[in-house]
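Q: Submitted below is the structure of interest, expressed as structure tokens.
The values are calculated or read from the model by the stated rules, or taken from the named source; none is laboratory data. These numbers come from a predicted model, not from an experiment. Please note: Cβ atoms are built from the backbone with ideal geometry, for glycine as well, and neighbour counts cover all protein chains shown.
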């Protein structure tokens, strides 16, 4: 009787192995896709009019390496743009309108074959950089998301391994839960991480957020996919997945919800891609007066026309028990030996199937990735509880991949057989981190906001610090002079650290900035100029104390630059009773001598006071002034020279505003005096 029960166990165990999902191994699927949308044009007042209504449908089956849009028809006739179809109604009446897209699509069971290791972290991204930044629901700058992604990526230098780790964690730790479907928009990735649940859109946004937080470009894809899940009444429905960028290979598909990493099955119809799942699938715009549009959700139908062929995944699998027989309560291990016969990377899910008396430590299902031609063993720690000691029991066990590759083995349990502790079995398994290479590398670049600044103005230095390794830094000290600031920095993360530049002396500065972390160090030299207040003094004026009329003489002025900084827009002026000479210099870089040729005929009788005036600025347009007065005597004038000097004085005074007024008044007075004299003579 007991032997028969054991045979029933074995029969029940192997029945599920025969029930594969047909579409996973299908080579090609031909489908018909119909998308139907509706809107109602309504009036909002009696005086209304409508010139046009336009609908842009971005759910559009474009062709790519695995998807061929064999036929596309629209009703009414639409204009196919690069990534949407546009429908337009001219002068529409009130009422209900429909727009339809009818397409025949061929889907291939194909993947991007990544044949060599892509270095992680990524460097030198260009156009793909926009897909590493946060978006509406993909809040990849959330601290918890950054920390988790870093934990999963730490020690990995292979991009495929990193993305696989992120996908595996998301699939195993986030529950598919339809309760969030009641929300009007998708929950953000941080909410999904906190609540550990979501639908396909939300599960995918968390995966994408973790990718982006590590500097890995990832985009959101909307479409339609097939499911046999009991959660859904319909087999076909809207679905979301991700595409991750691999330099040299392009965008690679990851459907974390379905457990399809690095590929998607040939029922996934891609209709739209973008930065965020919140991007609208349909956009309406219209021109009119007192009208409005009421919309409804899109109706999507898919019919299978044909599916044909089968593909091999190139995976070989064998199964064995580490101990052929053990006692009741003893630990044992089951090993799946798996070989990737492909010349490209592949991810595979393998699931252990057992009888109810066998207990597995951890998950029955494992997600494993293989590099090209790689072979590895996958272990499960198992244990059998107490049973009737009068019998030796044979336990069948099997393992199968997502694509239904299956291997079988068995082990025995009986009283008196060897017993193994958990520690002993773990030592046999020799669980170690496989192939991880820890890299601690900091990038540091610093620059003063102003290359030149005065000691009396504010200036800052900004340092960009980047984690170029594959280890999370809890503490990095960024040190400038005597000040240090501490930051934490995830893999591929970049942060700006700012310091005040305060110097007590002027001059060109070269300062060391250091980034210090455990087992990592980086430094750089930052250069900047500190300027003092520009200071120009009239160091000396050489001139004759006495000159003769008509004598040529020189005034030699020495301006001394006493500051490190240059004087800007300098103006030197000699001013003598309205007689003015000036010289302009855009920048005075050094002390300078000015020689001014003068003539005694330009002077007035007696002592002449000449103002030497120096105006200049700094780069901030603050103004400064230095001045000095010199005295020169004009001596020994003859009568004729006196007349010339007087005329010269009068002409100068006339040339000034005050002198001109005085000249006019004097002229009027002379005219009145002459007129009075003539009138008196006539009497």
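Q: When you go through 494, 527 one by one, which is the residue that is closer than 17 Å to residue 454 by Cα, outside the structural domain of residue 155 (by TED's automatic domain parsing) and loosely packed, with under 15 Cβ neighbours inside 10 Å?
A: Checking each option against the conditions leaves just 527.
Q: Among the residues of the stretch 97-107, is there at least one that is buried (at least 19 other Cβ atoms within 10 Å of the Cβ), without any contact (Cβ under 8 Å) to a residue 60 or more places away in the chain and farther than 25 Å from residue 254 by Cα?
A: Checking the stretch 97-107: not a single residue is buried (at least 19 other Cβ atoms within 10 Å of the Cβ), without any contact (Cβ under 8 Å) to a residue 60 or more places away in the chain and farther than 25 Å from residue 254 by Cα.
Q: Another question, then. Whether any residue in the stretch 378-393 is within 30 Å of residue 119 (Cα to Cα) and without any contact (Cβ under 8 Å) to a residue 60 or more places away in the chain is what I want to check.
A: Among the residues of the stretch 378-393, at least one is within 30 Å of residue 119 (Cα to Cα) and without any contact (Cβ under 8 Å) to a residue 60 or more places away in the chain, which makes the answer yes.
Q: Only one of 254, 258 is in a loop (DSSP other than H, G, I, E, B) and outside the structural domain of residue 48 (by TED's automatic domain parsing); which?
A: Of the residues listed, the single one that is in a loop (DSSP other than H, G, I, E, B) and outside the structural domain of residue 48 (by TED's automatic domain parsing) is 258.
Q: In addition: Every residue in the stretch 499-517 that is at pLDDT 90 or above and either farther than 12 Å from residue 448 by Cβ or touching a helix residue (DSSP H, G or I) at 6+ places or on another chain (Cβ under 8 Å) (or both), please.
A: Once the filter is applied, which keeps residues that are at pLDDT 90 or above and either farther than 12 Å from residue 448 by Cβ or touching a helix residue (DSSP H, G or I) at 6+ places or on another chain (Cβ under 8 Å) (or both), the stretch 499-517 yields 505, 506, 507, 512, 514, 515, 516, 517.
Q: Something else: In this structure, does residue 213 turn out to be out of contact with any strand residue (DSSP E or B) (no Cβ under 9 Å at 6 or more places or on another chain), under 20 Å from residue 134 (Cβ atoms) and crowded, with 22+ Cβ neighbours inside 10 Å?
A: So residue 213 passes the test.
Q: Identify, from the list 73, 119, 82, the residue that is loosely packed, with under 13 Cβ neighbours inside 10 Å and over 30 Å from residue 215 (Cβ atoms).
A: 73
Q: Spot the failing condition for residue 359; the list is (1) free of Cβ contacts under 8 Å to residues at least 40 places away in the same chain; (2) under 43 Å from the mean Cα position of the chain (by Cα); (3) part of a strand (DSSP E or B), and only one is missed.
A: Among (1) free of Cβ contacts under 8 Å to residues at least 40 places away in the same chain; (2) under 43 Å from the mean Cα position of the chain (by Cα); (3) part of a strand (DSSP E or B), the lone unmet condition for residue 359 is (2).
Q: Restricting attention to strands (runs of 3 or more DSSP E) lying wholly within the stretch 381-476, give those where 3 or more residues are touching a helix residue (DSSP H, G or I) at 6+ places or on another chain (Cβ under 9 Å) and modelled with pLDDT of 90 or more.
A: 393-401, 406-413
Q: How many residues are out of contact with any helix residue (DSSP H, G or I) (no Cβ under 9 Å at 6 or more places or on another chain), assigned to a loop (DSSP other than H, G, I, E, B) and surrounded by 13 or more Cβ atoms within 10 Å (Cβ to Cβ) if we restrict to the stretch 563-592?
A: 5
Q: Quick one: which of 283, 289 is in contact (Cβ under 8 Å) with a residue 60 or more places away in the chain, surrounded by fewer than 17 Cβ atoms within 10 Å (Cβ to Cβ), under 30 Å from residue 43 (Cβ atoms) and under 29 Å from the mean Cα position of the chain (by Cα)?
A: Going through 283, 289 in turn, the sole match is 283.
Q: Okay, moving on. For residue 278, which of the numbered conditions (1) at pLDDT below 95; (2) touching a strand residue (DSSP E or B) at 6+ places or on another chain (Cβ under 7 Å) fails to hold?
A: (2)
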